[in-house]
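The block underneath contains the structure these notes are about, expressed in structure tokens.
The values are calculated or read from the model by the stated rules, or taken from the named source; none is laboratory data. Here the structure is a predicted model, which means the values were calculated and not measured. Cβ placement follows ideal geometry from the backbone for every residue including glycine, while neighbour counts extend to all protein chains displayed. We work out accessible area using only protein heavy atoms, side chains counted, and drop any ligands, DNA or RNA first. Shrake-Rupley method; radii C 1.70, N 1.55, O 1.52, S 1.80 Å.
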Amino acid sequence: MTEALLEELSRLEREALAAIGAADHDDALERVRVEYLGRKDGRVSAILRGLGALAPEVRPKIGAEANRVRDVIRDALAWRTAEVAARTQRRREAPLDLTLPGRAEWMGGRHPVTRVIDEISAIFASLGFTRARGPEAETEWYNFVALNTPLDHPAADMQATLYVHGRVLLRSHTSPVQVRVMERYPPPIRIIVPGMVYRRDAADASHLPAFSQIEGLAVDEGISFVDLKAMLAEFARRFFGPAARVRFRPSFFPFTEPSAEVDVSCIICNGTGCPACKGTGWMEIMGAGMVDPAVFEAVGYDPERYTGYAFGMGPHRIAMLKYGIPDIRMHHENDVRFLSQFAE
Ligand code: PHE
């Protein structure tokens with residue numbers, strides 16, 4: 001009898017503690033209390049009430065154990081009740097709002113410079129130009145000599161060009177790809193050449209030692225400066241918008257004659273003058289010109305038969321103009337606060 005009662009008490013203790021641990025709201029805790037400690041039918045209460053009927057020599061032992069189990073259950077109920085209340089309070093302070101939008105996964109996006117390169121390439125593709133590429137480590141022949149640039153020209157100087165080893169250098173522009181393509185293919189040629197170029201320049205707000213260019217080249221019989229102007233005017237309208245106009249200023253490049261700097265009407269003020277264009281109404285976007293006959297001679301084209309035009313622009317700079325980016329270095333700081341503004 002004694003052993004059976006002690007076993008019963010120990011089982012009730014285990015069961016009650018498990019039920020209290022599993023109860024996660026006040027109603028469930030109250031049900032546990034009634035089941036074990038309820039005044040009328042509580043299972044521990046019943047044992048306590050029956051103590052009087054036990055033999056006097058076992059009564060103290062059973063009584064002490066029954067009281068201990070009752071106290072353990074009461075304490076556990078109090079502790080769990082406080083815990084549930086604290087959790088309810090936390091929920092109330094930060095309520096669950098089912099109407100909030102979900103948290104979107106960060107998807108990444110194309111880099112603004114890549115985007116500009118893709119857009120420019122697509123425009124020229126629709127105008128009949130094929131994409132070509134060339135190596136970034138070049139020889140003096142392709143980077144300078146075949147482009148009518150003698151090696152004593154300041155651009156070929158060690159101060160301006162990054163030499164890798166011996167006479168191998170990192171190309172300082174994408175123009176060497178003009179030569180590579182013309183050496184390999186006969187006219188007509190219409191290519192667009194995106195790629196990285198390298199110069200021995202310190203990084204500042206408008207310079208980087210590594211930056212992108214897009215070269216363009218068209219060669220055929222009967223191509224004139226008019227074709228160049230019309231092509232670049234059409235490009236400017238498609239890329240910057242229908243109101244964009246272009247302006248050509250005389251310039252010099254060893255591999256084009258005549259040569260020009262090409263400006264586009266300011267995309268911020270539409271040509272009236274603002275801080276972005278320093279009050280001029282124009283933004284410089286590229287160098288261009290008619291292919292110099294000396295370049296045709298270097299690649300084995302007949303300069304009496306063929307003419308052509310070439311141009312070169314900088315997508316890093318064009319992205320700055322298009323998106324109002326104040327410092328070219330921002331392109332390469334890998335700052336998500338900057339890059340996420342271009343996510344698609
Ligand atoms: N290669 C020239 C530069 O890097 C740009 C250019 C390309 C000019 C083609 C004329 C024709 O400055």
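What the table below lists for this structure:
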item: Filter result for Val164 (buried (at least 18 other Cβ atoms within 10 Å of the Cβ) and either touching a residue at least 60 places away in the same chain (Cβ under 8 Å) or part of a strand (DSSP E or B) (or both)); result: no
item: Flag if Ala202 is assigned to a loop (DSSP other than H, G, I, E, B), open to solvent by 20 Å² or more (accessible area, probe 1.4 Å) and within 16 Å of the ligand (Cβ to nearest atom); result: no
item: Given (1) open to solvent by less than 10 Å² (accessible area, probe 1.4 Å); (2) within 14 Å of the ligand (Cβ to nearest atom); (3) more than 24 Å from Arg171 (Cα to Cα); (4) of a type in the set (A, V, I, L, M), index of the condition Ala236 fails; result: (2)
item: Selection status of Glu183, in contact with a Gly (Cβ under 9 Å, 6 or more places away or on another chain) and more than 14 Å from the ligand (Cβ to nearest atom); result: yes
item: Any hit, the stretch 266-275, residues being in contact with a strand residue (DSSP E or B) (Cβ under 6 Å, 6 or more places away or on another chain) and under 26 Å from Val291 (Cα atoms); result: no
item: Qualifying residue in the stretch 56-65 (condition: at pLDDT 90 or above, aliphatic (A, V, I, L, M) and within 30 Å of Arg329 (Cα to Cα)); result: no
item: Those residues of the stretch 205-221 which are open to solvent by 20 Å² or more (accessible area, probe 1.4 Å) and within 12 Å of the ligand (Cβ to nearest atom), in sequence order; result: Phe211, Gln213
item: Tally, over the stretch 81-113, of residues that are among the polar types (S, T, N, Q) and not assigned by TED's automatic domain parsing to the domain that holds Ala23; result: 1
item: From Pro250, Pro258, Pro194, residue being farther than 19 Å from Val113 by Cβ, away from the ligand (no atom under 12 Å from the Cβ) and either out of contact with any Lys or Arg (no Cβ under 6 Å at 6 or more places or on another chain) or assigned to a strand (DSSP E or B) (or both); result: Pro250
item: Unique match (being away from the ligand (no atom under 14 Å from the Cβ), in the same structural domain as Ser175 (by TED's automatic domain parsing) and within 23 Å of Pro154 (Cα to Cα)) among Ala294, Ala276, Ala298; result: Ala298
item: Every pair of residues 6+ apart whose Cβ atoms lie under 6 Å, when the first sits in the stretch 308-329 and is within 16 Å of the ligand (Cβ to nearest atom) while the second is open to solvent by 10 Å² or more (accessible area, probe 1.4 Å) and among the aromatic types (Phe, Trp, Tyr); result: His316/Phe211
item: Where a residue in the stretch 97-108 is of a type outside the set (Val, Ile, Thr) and its partner, wherever it lies, is surrounded by 10 or more Cβ atoms within 10 Å (Cβ to Cβ), with Cβ under 9 Å and at least six apart; result: Trp106/Val336; Trp106/Ser340; Trp106/Ala343; Met107/Ala343; Gly108/Leu339; Gly108/Ser340; Gly108/Ala343
item: Test: residue in the stretch 129-142 that is farther than 23 Å from Asp302 by Cα, over 29 Å from the mean Cα position of the chain (by Cα) and either open to solvent by 30 Å² or more (accessible area, probe 1.4 Å) or outside the structural domain of Val291 (by TED's automatic domain parsing) (or both); result: yes
item: Residue in the stretch 70-82 that is at pLDDT below 90 and surrounded by 14 or more Cβ atoms within 10 Å (Cβ to Cβ) present; result: no
item: Residue check for Ala146: surrounded by fewer than 13 Cβ atoms within 10 Å (Cβ to Cβ) and either within 24 Å of Ile328 (Cβ to Cβ) or within 16 Å of the ligand (Cβ to nearest atom) (or both); result: no
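For every residue, the table says whether it meets (1) open to solvent by 60 Å² or more (accessible area, probe 1.4 Å); (2) under 25 Å from Val177 (Cα atoms); (3) at pLDDT 95 or above.
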| site | (1), (2), (3) |
| --- | --- |
| Met290 | no, yes, yes |
| Val299 | no, yes, yes |
| Asp302 | yes, yes, yes |
| Met313 | no, yes, yes |
| Ile325 | no, no, no |
| Val336 | yes, no, no |
| Ser340 | no, no, no |
